[in-house]
Amino acid sequence: MPTITYIEFNGTSHSIEVENGLSVMEGAVNNNVPGIDADCGGSCACATCHVFVDDAWLAKCGTPDTQEKSMLGFAATAQENSRLACQITVSDALDGLVVRMPEAQH
Amino acid sequence: MNAPVNYDPSHEAWTMPLDQVDPANPARFMAGAELPYLARLRRDAPIHYTQQNTMFGPYWSICNYNDIMQVELNTQVFSSSWAHGGISVRDRPKELRIPMFIAMDPPVHDDQRKVVQPIVAPFNLAKFEALIRERTTMVLDSLPRGETFDWVEKVSIPLTTMMLASLFDFPFEDRALLSHWSDCSTMPVEANGFIKSEEHREQVFGELLAYFTKLWNERVNEPARPDLVSMLAHGEATKNMTPREYLGNLILLIVGGNDTTRNSMSGGVLFMHQNPGEFAKLRANPKLVDSAVSEIIRYQTPLAHMRRTATQDIDFNGHKIREGDKVVMWYLSANRDGTVIEDPDAFIVDRKRPRQHISFGFGIHRCVGNRLAELQLKILWEQLLARFPKVEVVGEPKRVFSSFVRGYSSLPVRIPA
C-alpha cells in the first residue's frame with residue numbers, strides 16, 4: 001500500500017499506509033491523524049480537509065476542479081499548493097506523498 | 001419540552017394526507033412541535049411539494065442530508081439570489097428586497113464574502129479568545145444562585161451582543177441596539193412582536209443604516225483595521241456598495257453573528273438538562289467539550305432551513321422542479337437523517353463524528369463564523385463546568401415564532417445555591 005506522510009502544523013509527522021482508491025482525507029480520518037476535520041465527509045463542500053502539498057508532488061496530485069477551487073478560495077490560509085485532501089485519490093503513483101496541515105481548518 | 005421524536009403513529013403528522021404536510025408552519029416551531037412533520041417527510045416523501053401555505057406560497061422541501069448536499073453544490077440551478085427572493089422561505093415584498101452576499105451567487109458573492117472572512121481567520125480568533133473568556137467569566141460570575149432567572153436574557157443575549165459589538169467595533173454602550181436590530185430583522189410580522197408591519201421594519205432598518213453610515217464615514221478615511229465596518233469600507237468588492245447593499249450586509253452579519261450562537265447557548269443548557277447522563281459524561285471528562293459543542297449545534301440547528309430558487313426546470317432525483325420554484329433545504333431534518341447520522345434523535349456528547357452536522361450549511365455559502373461560534377460555545381461550557389454543579393431548567397422554554405430562526409425567547413433556569 002502507498003505510504004502518505006501527514007505533517008501537523010506543529011511539525012508532528014505521521015506516515016500512514018493508505019489503501020489505493022481511498023482519498024488522502026480518508027487516510028487521515030480513518031487513522032485518527034489530527035488536523036483534518038473533514039466536516040462534509042468528502043463532498044468537496046466545506047474546505048476543512050485543507051492541506052499543503054509538497055511541491056515535488058503537486059503535479060502528480062492532478063488539478064483541482066472548479067468546485068474545489070471555489071471552496072479553497074474560502075480557506076483562511078490558502079496558498080498556491082493548497083488542495084482539499086478529499087479530492088486526492090491515493091494510488092501507487094502517490095506512494096511517498098507528503099502533505100502539511102494549515103494552522104486551523106475553517 | 002424538546003423531547004426526541006417518539007414515533008406515535010396516531011399523531012396528526014403521520015396520519016394527515018401527504019400533500020397537506022406543511023413543515024414551514026411557524027406556529028408549530030413556536031409550540032416545539034415541528035419535528036414529527038419532518039420525520040414524516042423523511043420517511044414518506046423526502047423531496048416534497050407543499051401546494052399552499054398562506055404565509056409563504058408553494059415550496060419544495062428537501063429533507064435528506066445527501067439531497068441537500070446536492071442542492072448546496074449546484075449553485076447554478078439553485079440560486080441564492082435576493083433578486084429571486086433570497087435564502088429564507090419567506091419572500092419580502094419585491095420592492096423591499098435587500099441585497100446581501102449570502103443572498104447572491106458567484107462571482108459577486110465570492111468577492112464580497114472574501115472581504116469580511118479574515119475577521120474569523122485563525123489570527124483574529126486567537127485574539128478574540130482571551131476577550132471571550134474574560135466576558136464569559138464576568139457574565140457567569142454575576143448570575144444569582146438558588147433563584148430562577150432567564151438564561152436567554154442573562155447569558156445568551158449579553159454574551160453574543162458583546163461579541164458582535166467587538167466584531168463591528170461598535171460603541172459598546174449602545175450594543176443593545178445590535179440585538180434589537182437582529183430581532184427586528186428576523187421577526188415575522190405575524191409573531192405579534194415588536195415589528196408591526198413591513199413599513200415599520202423598513203423604518204427600523206433606516207435607523208440601523210443611519211447609525212452604521214456614521215461609523216462607515218468615520219472609518220473610510222482612516223487606515224483599514226480589522227473590524228467589519230472598516231473591512232467593508234476599504235474592501236475592493238464592497239467599498240462602492242449602494243446604501244441598500246451596505247444595509248443588507250450589515251443585517252446579514254448582525255443576524256449571522258447573533259441569533260445562531262445565542263440560541264445554541266440556550267439550547268445547550270436545555271439539552272444537558274434533558275439528558276443528565278450526557279451532562280454527567282461531559283462533567284467527568286471535560287475534554288468532550290469540543291464534541292459536545294458540535295452536538296449542541298446539531299441538535300439545536302439554530303437556522304432550521306435555507307432556501308434556494310430554481311433558475312431552470314430540472315429533474316431532481318425523480319422530481320420535476322420548475323424554474324422559479326422555491327426550494328427549502330431543511331437542515332433541521334438532515335441533522336436527524338438516520339442514514340447519515342447514527343441514532344440521530346438522541347443527544348450524545350461523544351459522537352464518533354460530531355462535526356458531520358449540517359447546521360452551518362455546506363458549499364460556498366457555508367457559515368463564515370462557524371469557528372468563532374464554536375469558540376464562544378466552548379468557552380461558555382468550559383467556564384460553566386468550572387463553576388456550577390448544574391444549571392436546572394425549571395419551566396417551559398418560550399420558543400420563537402419562526403421556521404427560519406429556531407430559537408428561544410426565554411429559558412427559566414436555576415443554579416443550585
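Any read-out appearing in this document is the output of simple, stated calculations on the displayed coordinates, not a laboratory observation. Quick caveat, the model's predicted, so the values are computed rather than measured. Note: ideal-geometry Cβ built from the backbone for every residue, glycine included; neighbour counts use all protein chains shown.
A few notes on this one:
- Value at 222 nm in deg cm²/dmol, rounded to 500, when DSSP H runs of n ≥ 4 in chain B each add -39,500 (n - 2.57): -13500 deg cm²/dmol
- Dipole magnitude for the protein assembly as shown: computed about the Cα centre from +1 point charges on Lys and Arg Cβ and -1 point charges on Asp and Glu Cβ, it is near 900 debye.
- The mean count of C-beta atoms from other chains within 10 Å of the C-beta of residues in A:71-81, rounded to a whole number, is 3.
- Of the residues B:Q312, A:A28, B:W151, the one whose Cα sits farthest toward the positive end of the charge dipole of the protein assembly as shown, with +1 on the Cβ of Lys and Arg and -1 on the Cβ of Asp and Glu, is B:W151.
- When peptides B:291-297, A:32-38 are sorted by average Cβ neighbour count within 10 Å, with the highest value leading, the order is B:291-297, A:32-38.
- Listed residues B:G235, B:A210, B:P389: farthest to the positive end of the dipole of chain B (Cβ charges): B:P389
- Percent antiparallel among DSSP beta bridges (both partners in the protein assembly as shown, rounded to 5): 85
- Think of each Lys and Arg Cβ as +1 and each Asp and Glu Cβ as -1; about the Cα centre, that makes the dipole of chain B roughly 720 debye.
- Under 30 Å from the Cα of B:K287 - lysines, other chains or at least 8 residues apart: B:K127, B:K154, B:K352, B:K378, B:K390
- Ordering of A:39-51, B:176-188 by packing is A:39-51, B:176-188, highest average first (other Cβ atoms within 10 Å, averaged per residue).
- Each Lys and Arg Cβ is given +1 and each Asp and Glu Cβ -1; about its Cα centre, chain A then shows a dipole of about 160 debye.
- Remark on B:A346: its backbone amide H falls under 5 Å from none of the residues 5 or more positions apart or on other chains, H modelled at 1.01 Å from N.
- Within straight-line cross-link reach of B:K239, lysines at Cα separation under 22 Å, skipping those fewer than 8 residues along the same chain: B:K114, B:K214
- Rounded to 5, percent antiparallel among DSSP beta bridges of the range A:3-100: 80
- Per-residue ellipticity at 222 nm, computed for chain A from helices alone with -39500 (n - 2.57) per DSSP H run of at least four residues, works out to -4000 deg cm²/dmol.
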